[in-house]
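Below is one structure, written out as C-alpha coordinates; the observations come after it.
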Amino acid sequence: MSGNKPLAALGLMSGTSLDGVDVALLDTDGERVASFGPARAFPYPEDFRARLRAVLGRESGTGVDDVGREMTLLHARAVADLLAANGLAASAIDIIGFSGHTVVHRPQAAKTVQIGDGALLAAAAAIPVIADFRSRDVAEGGQGAPLAPLFHAALAGGLEKPLAVLNLGGVANVTWIGEGGRILAFDTGPGNALLDDWMVKTAGRAYDADGSWAASGEVDRGVVAAWLADDYFQRAPPKSLDRDDFCAEG
(Lines give C-alpha, C1' and ligand atoms only; values in the text may rest on other atoms or scores of the structure.)
Protein backbone atom coordinates (compact mmCIF):
# COMPACT_ATOMS: atom_id res chain seq x y z
CA MET A 1 0.00 0.00 0.00
CA SER A 2 1.08 3.61 -0.48
CA GLY A 3 1.11 4.50 3.22
CA ASN A 4 -2.08 6.53 2.94
CA LYS A 5 -5.02 5.42 5.04
CA PRO A 6 -7.41 3.32 2.95
CA LEU A 7 -10.79 4.94 2.37
CA ALA A 8 -14.15 3.28 2.01
CA ALA A 9 -14.84 4.33 -1.58
CA LEU A 10 -18.06 3.76 -3.47
CA GLY A 11 -17.59 3.73 -7.23
CA LEU A 12 -20.43 4.47 -9.64
CA MET A 13 -20.46 3.89 -13.38
CA SER A 14 -22.98 4.59 -16.11
CA GLY A 15 -21.48 2.76 -19.06
CA THR A 16 -21.64 3.61 -22.74
CA SER A 17 -23.91 0.62 -23.30
CA LEU A 18 -26.67 2.50 -21.39
CA ASP A 19 -27.50 -0.59 -19.35
CA GLY A 20 -27.68 1.03 -15.93
CA VAL A 21 -25.75 2.03 -12.81
CA ASP A 22 -22.96 -0.20 -11.52
CA VAL A 23 -22.14 0.33 -7.83
CA ALA A 24 -19.14 -1.18 -6.04
CA LEU A 25 -17.65 -0.59 -2.60
CA LEU A 26 -13.98 -1.13 -1.83
CA ASP A 27 -11.30 0.01 0.60
CA THR A 28 -8.39 1.64 -1.22
CA ASP A 29 -5.53 4.05 -0.71
CA GLY A 30 -5.72 5.07 -4.35
CA GLU A 31 -3.01 2.69 -5.50
CA ARG A 32 -3.99 -0.70 -4.11
CA VAL A 33 -7.28 -2.35 -3.21
CA ALA A 34 -7.22 -3.34 0.47
CA SER A 35 -10.55 -5.16 0.39
CA PHE A 36 -13.69 -5.54 -1.68
CA GLY A 37 -17.19 -4.86 -0.41
CA PRO A 38 -20.61 -5.43 -1.95
CA ALA A 39 -21.36 -4.61 -5.58
CA ARG A 40 -24.55 -4.52 -7.59
CA ALA A 41 -25.92 -3.47 -10.97
CA PHE A 42 -29.12 -1.41 -11.17
CA PRO A 43 -30.66 -1.52 -14.67
CA TYR A 44 -32.05 1.71 -16.06
CA PRO A 45 -35.80 1.78 -16.63
CA GLU A 46 -36.55 1.40 -20.33
CA ASP A 47 -38.17 4.82 -20.62
CA PHE A 48 -35.16 6.52 -19.03
CA ARG A 49 -32.75 4.58 -21.25
CA ALA A 50 -34.57 5.98 -24.27
CA ARG A 51 -34.28 9.54 -22.90
CA LEU A 52 -30.58 9.05 -22.20
CA ARG A 53 -29.98 7.66 -25.69
CA ALA A 54 -31.75 10.72 -27.15
CA VAL A 55 -29.21 13.17 -25.66
CA LEU A 56 -26.08 11.35 -26.83
CA GLY A 57 -23.93 13.62 -28.95
CA ARG A 58 -25.49 16.76 -27.44
CA GLU A 59 -23.67 19.10 -25.09
CA SER A 60 -26.71 21.13 -24.13
CA GLY A 61 -30.21 21.99 -25.23
CA THR A 62 -33.71 20.82 -24.55
CA GLY A 63 -33.82 17.87 -22.21
CA VAL A 64 -30.09 17.45 -21.57
CA ASP A 65 -30.10 19.03 -18.10
CA ASP A 66 -33.29 17.19 -17.18
CA VAL A 67 -31.80 13.86 -18.20
CA GLY A 68 -28.62 14.66 -16.27
CA ARG A 69 -30.62 15.41 -13.13
CA GLU A 70 -32.75 12.28 -13.51
CA MET A 71 -29.65 10.16 -14.04
CA THR A 72 -28.02 11.66 -10.94
CA LEU A 73 -31.04 10.83 -8.79
CA LEU A 74 -31.06 7.28 -10.15
CA HIS A 75 -27.44 7.02 -9.00
CA ALA A 76 -28.44 8.32 -5.56
CA ARG A 77 -31.18 5.70 -5.37
CA ALA A 78 -28.70 2.99 -6.36
CA VAL A 79 -26.35 4.11 -3.58
CA ALA A 80 -29.15 4.09 -1.02
CA ASP A 81 -30.36 0.65 -2.12
CA LEU A 82 -26.87 -0.87 -1.96
CA LEU A 83 -26.24 0.53 1.51
CA ALA A 84 -29.66 -0.55 2.81
CA ALA A 85 -29.29 -4.06 1.41
CA ASN A 86 -25.99 -4.45 3.26
CA GLY A 87 -26.89 -2.74 6.52
CA LEU A 88 -24.51 0.18 5.93
CA ALA A 89 -25.01 3.80 6.91
CA ALA A 90 -23.96 6.68 4.68
CA SER A 91 -21.50 7.69 7.41
CA ALA A 92 -19.58 4.44 6.77
CA ILE A 93 -18.59 5.66 3.29
CA ASP A 94 -15.72 8.13 2.96
CA ILE A 95 -16.11 9.08 -0.70
CA ILE A 96 -18.15 8.45 -3.84
CA GLY A 97 -16.56 8.45 -7.28
CA PHE A 98 -19.11 9.64 -9.84
CA SER A 99 -18.09 9.69 -13.51
CA GLY A 100 -21.50 10.75 -14.83
CA HIS A 101 -22.42 9.66 -18.33
CA THR A 102 -20.36 10.65 -21.36
CA VAL A 103 -22.49 12.20 -24.10
CA VAL A 104 -19.69 13.74 -26.20
CA HIS A 105 -16.06 12.63 -26.37
CA ARG A 106 -13.82 14.38 -28.90
CA PRO A 107 -10.35 14.62 -27.32
CA GLN A 108 -8.79 15.65 -30.64
CA ALA A 109 -10.90 18.81 -30.30
CA ALA A 110 -10.09 19.07 -26.56
CA LYS A 111 -13.72 18.32 -25.72
CA THR A 112 -15.38 15.77 -23.48
CA VAL A 113 -18.80 16.19 -21.88
CA GLN A 114 -20.33 14.15 -19.08
CA ILE A 115 -23.82 14.80 -17.75
CA GLY A 116 -24.53 14.34 -14.05
CA ASP A 117 -24.52 16.68 -11.05
CA GLY A 118 -21.93 15.82 -8.41
CA ALA A 119 -23.26 18.40 -5.94
CA LEU A 120 -26.79 17.05 -6.27
CA LEU A 121 -25.55 13.50 -5.71
CA ALA A 122 -23.56 14.56 -2.63
CA ALA A 123 -26.64 16.24 -1.18
CA ALA A 124 -28.94 13.31 -1.97
CA ALA A 125 -26.57 10.62 -0.69
CA ALA A 126 -25.14 12.63 2.25
CA ILE A 127 -21.65 11.45 1.21
CA PRO A 128 -18.77 13.51 -0.28
CA VAL A 129 -18.51 13.10 -4.06
CA ILE A 130 -15.63 13.36 -6.52
CA ALA A 131 -16.88 13.94 -10.07
CA ASP A 132 -15.90 15.26 -13.51
CA PHE A 133 -12.89 12.96 -13.89
CA ARG A 134 -12.16 13.51 -17.56
CA SER A 135 -12.28 17.20 -18.35
CA ARG A 136 -9.04 18.30 -16.66
CA ASP A 137 -7.05 15.56 -18.38
CA VAL A 138 -8.48 16.54 -21.78
CA ALA A 139 -7.80 20.23 -21.07
CA GLU A 140 -4.14 19.30 -20.45
CA GLY A 141 -3.92 17.49 -23.78
CA GLY A 142 -4.81 14.01 -22.54
CA GLN A 143 -7.47 11.63 -23.80
CA GLY A 144 -9.67 11.51 -20.71
CA ALA A 145 -10.30 7.82 -21.45
CA PRO A 146 -10.24 4.97 -20.82
CA LEU A 147 -10.74 5.33 -17.05
CA ALA A 148 -10.18 1.69 -16.08
CA PRO A 149 -6.37 1.27 -16.39
CA LEU A 150 -5.38 2.42 -12.90
CA PHE A 151 -7.93 0.03 -11.44
CA HIS A 152 -6.53 -2.73 -13.64
CA ALA A 153 -3.06 -1.91 -12.30
CA ALA A 154 -4.33 -2.04 -8.71
CA LEU A 155 -5.86 -5.46 -9.29
CA ALA A 156 -2.71 -6.74 -10.96
CA GLY A 157 -0.35 -5.64 -8.19
CA GLY A 158 0.69 -9.18 -7.22
CA LEU A 159 0.64 -10.74 -10.69
CA GLU A 160 3.57 -11.52 -12.97
CA LYS A 161 4.33 -8.75 -15.49
CA PRO A 162 3.99 -7.86 -18.24
CA LEU A 163 0.30 -8.54 -18.72
CA ALA A 164 -2.63 -7.09 -20.62
CA VAL A 165 -6.26 -6.59 -19.68
CA LEU A 166 -8.89 -6.38 -22.44
CA ASN A 167 -12.15 -4.63 -21.53
CA LEU A 168 -15.01 -5.20 -23.97
CA GLY A 169 -17.42 -2.50 -22.85
CA GLY A 170 -19.47 -0.05 -24.87
CA VAL A 171 -16.11 0.94 -26.37
CA ALA A 172 -13.32 -1.66 -26.24
CA ASN A 173 -10.01 -0.84 -24.59
CA VAL A 174 -6.81 -2.54 -23.51
CA THR A 175 -4.43 -1.94 -20.60
CA TRP A 176 -0.80 -3.13 -20.81
CA ILE A 177 1.00 -3.27 -17.46
CA GLY A 178 4.75 -3.70 -17.30
CA GLU A 179 7.35 -3.89 -14.58
CA GLY A 180 7.91 -0.87 -12.39
CA GLY A 181 4.38 0.43 -12.73
CA ARG A 182 4.56 1.14 -16.45
CA ILE A 183 1.11 1.40 -18.02
CA LEU A 184 -0.06 1.80 -21.61
CA ALA A 185 -3.79 2.01 -22.27
CA PHE A 186 -6.02 3.01 -25.16
CA ASP A 187 -9.33 2.32 -26.87
CA THR A 188 -8.95 -0.47 -29.40
CA GLY A 189 -12.17 0.08 -31.33
CA PRO A 190 -15.97 0.00 -31.09
CA GLY A 191 -17.54 -2.41 -28.62
CA ASN A 192 -20.99 -3.26 -27.36
CA ALA A 193 -22.53 0.21 -27.77
CA LEU A 194 -23.01 -0.01 -31.52
CA LEU A 195 -24.24 -3.61 -31.26
CA ASP A 196 -26.82 -2.51 -28.69
CA ASP A 197 -27.90 0.43 -30.85
CA TRP A 198 -28.39 -1.92 -33.81
CA MET A 199 -30.47 -4.29 -31.70
CA VAL A 200 -32.71 -1.46 -30.51
CA LYS A 201 -33.26 -0.23 -34.05
CA THR A 202 -33.58 -3.61 -35.75
CA ALA A 203 -35.11 -5.92 -33.17
CA GLY A 204 -36.55 -3.62 -30.53
CA ARG A 205 -34.34 -5.23 -27.90
CA ALA A 206 -31.85 -3.58 -25.56
CA TYR A 207 -29.03 -6.01 -26.42
CA ASP A 208 -28.21 -9.30 -28.13
CA ALA A 209 -28.86 -11.78 -25.31
CA ASP A 210 -26.23 -14.53 -25.29
CA GLY A 211 -25.01 -13.25 -28.67
CA SER A 212 -27.69 -15.31 -30.41
CA TRP A 213 -28.30 -12.83 -33.25
CA ALA A 214 -24.59 -12.37 -33.87
CA ALA A 215 -24.05 -16.13 -33.91
CA SER A 216 -26.75 -16.56 -36.55
CA GLY A 217 -25.14 -14.15 -39.00
CA GLU A 218 -22.05 -14.03 -41.18
CA VAL A 219 -19.12 -11.62 -41.14
CA ASP A 220 -19.34 -8.86 -43.77
CA ARG A 221 -15.65 -8.79 -44.54
CA GLY A 222 -16.00 -5.75 -46.79
CA VAL A 223 -17.34 -3.66 -43.90
CA VAL A 224 -14.66 -5.00 -41.56
CA ALA A 225 -11.90 -4.21 -44.06
CA ALA A 226 -13.24 -0.68 -44.59
CA TRP A 227 -13.29 -0.01 -40.86
CA LEU A 228 -9.80 -1.45 -40.32
CA ALA A 229 -8.53 0.90 -43.02
CA ASP A 230 -9.52 3.85 -40.83
CA ASP A 231 -6.49 5.87 -39.74
CA TYR A 232 -7.47 5.42 -36.08
CA PHE A 233 -5.94 1.96 -36.13
CA GLN A 234 -2.67 3.30 -37.50
CA ARG A 235 -2.29 6.03 -34.88
CA ALA A 236 -0.01 5.41 -31.94
CA PRO A 237 -1.55 5.58 -28.46
CA PRO A 238 -2.63 7.32 -26.36
CA LYS A 239 -5.92 7.50 -28.26
CA SER A 240 -9.60 7.11 -27.50
CA LEU A 241 -12.98 6.95 -29.20
CA ASP A 242 -16.47 8.34 -28.81
CA ARG A 243 -19.15 5.65 -28.46
CA ASP A 244 -20.58 6.62 -31.86
CA ASP A 245 -17.32 6.52 -33.78
CA PHE A 246 -17.68 3.92 -36.57
CA CYS A 247 -21.46 4.25 -36.45
CA ALA A 248 -22.78 3.40 -39.92
CA GLU A 249 -25.07 6.44 -39.76
CA GLY A 250 -22.30 8.78 -38.60
Under the Karplus relation 6.51 cos²θ - 1.76 cosθ + 1.60, θ = phi - 60°, what is the ordered set of whole-Hz ³J(HN,Hα) values for the stretch 39-44, x standing for Gly and Pro? 9, 7, 10, 10, x, 6
Note down the nm distance, to one decimal, between modelled labels 7 Å out along Cα→Cβ at V200 and at A229. 3.0 nm
Around A34, what is the net charge, scoring Lys/Arg as +1 and Asp/Glu as -1 over all other residues with Cβ under 11 Å from its Cβ? -1
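Carbon and sulfur: what percent of the stretch 43-177's accessible surface (1.4 Å probe)?
Numbers: 3650 of 6690 Å².
Carbon-and-sulfur percentage of accessible area, whole number: 55.
If r is the Cβ-Cβ distance from L73 to I95 and R0 is 22 Å, what FRET efficiency results, to the nearest 0.05?
Details: r = 19 Å, r/R0 = 0.89.
About 0.70, to the nearest 0.05.
Suppose we take every Cα in the stretch 6-137 and form the convex hull; what volume per residue is that in Å³?
Details: hull volume 14.4 nm³, N = 132.
It is 109 Å³ per residue.
Once the other residues with Cβ under 14 Å from the Cβ of A24 are scored (Lys, Arg +1; Asp, Glu -1), what is the net sum? Kindly include the intermediate steps, with their values, before the conclusion.
On the way: positive: R40; negative: D22, D27, D81.
Residues near A24 contribute -2 overall.
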What list of ³J(HN,Hα) values in whole Hz, one per residue of the stretch 86-96 in order, does the Karplus curve 6.51 cos²θ - 1.76 cosθ + 1.60 (θ = phi - 60°) give from phi, with Gly and Pro shown as x? 10, x, 10, 8, 4, 5, 7, 9, 7, 7, 10
Please calculate the 1.4 Å probe accessible area of L26, with all protein chains present, and give it to the nearest 10 Å². 30 Å²
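Only loop residues by DSSP count here, and only those with at most 11 other Cβ atoms within 10 Å; note down the GluC sites (Glu not before Pro) in the stretch 157-250 that meet that. Mind dumping the intermediate values first?
Numbers: sites: E160, E179, E218, E249; in loops: E160, E218, E249.
Answer in residue order: E160, E218, E249.
Can you work out the accessible area per residue across the stretch 1-99, with the rest of the protein chains kept in place, probe 1.4 Å, in square angstrom?
On the way: 4970 Å² over 99 residues.
Accessible surface, normalised per residue, equals 50 Å².
When the dipole is taken about the Cα centre of the chain, and only Lys, Arg (+1) and Asp, Glu (-1) are charged at their Cβ, what size is it in debye, to the nearest 20?
On the way: 21 positive and 32 negative charges, 63 e Å.
The dipole of the chain has a size of about 300 debye.
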Here the stretch 215-231 yields Karplus 3J(HN,Hα) values (6.51, -1.76, 1.60; θ = phi - 60°; whole Hz; Gly and Pro given as x) of 5, 8, x, 10, 5, 8, 5, x, 5, 4, 4, 5, 5, 5, 7, 4, 5
Under the rule of at least 5 residues apart or a separate chain, name every residue whose amide H is placed under 5 Å from the amide H of L241. D187
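Just need the relative contact order of the chain here, percent rounded to a whole number, with Cα pairs under 8 Å and 6+ apart. List each step's numbers first, then the result.
Numbers: 416 pairs, mean separation 38.5, N = 250.
Value for the chain: 15 percent.
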Spacing of the two label points (7 Å from each Cα toward its C-beta) at L147 and R32, in nm: 2.5 nm
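Specify whether the C-alpha gyration tensor of the stretch 112-220 places it in the rounded, prolate or oblate class, a ≥ b ≥ c being the square roots of the eigenvalues: rounded for a/c under 1.5, otherwise prolate if a/b is larger than b/c and oblate if not.
Oblate shape, in that a/c is at least 1.5 and b/c is the bigger or equal ratio.
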May I ask you to list the residues of the stretch 132-157 whose amide nitrogen lies under 16 Å from a point 7 Å from Cα along the Cα→beta-carbon direction of A110? 135-144
For P162, net neighbour charge (Lys/Arg +1, Asp/Glu -1) across residues whose Cβ lies under 9 Å away: 0
Taking 7 Å along the Cα-to-C-beta vector as the label spot, tell me the F133-K161 distance in nanometres, rounded to one decimal. 2.1 nm
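Under 8 Å for C-alpha pairs, at least 6 residues apart: give me the relative contact order for the stretch 79-209, rounded to a whole percent. Mind dumping the intermediate values first?
Details: 181 pairs, mean separation 19.0, N = 131.
Averaging sequence separation for qualifying contacts and normalising by length gives 14 percent for the stretch 79-209.
The values are calculated or read from the model by the stated rules, or taken from the named source; none is laboratory data. As the structure is a computational prediction, the values presented were derived from the model and not from experiment. FYI the Cβ positions are ideal-geometry reconstructions off the backbone, even for glycines, and counts take in every protein chain you see. Surface accessibility is based on the protein's heavy atoms, side chains included, excluding ligands, DNA and RNA. Shrake-Rupley method; radii C 1.70, N 1.55, O 1.52, S 1.80 Å.
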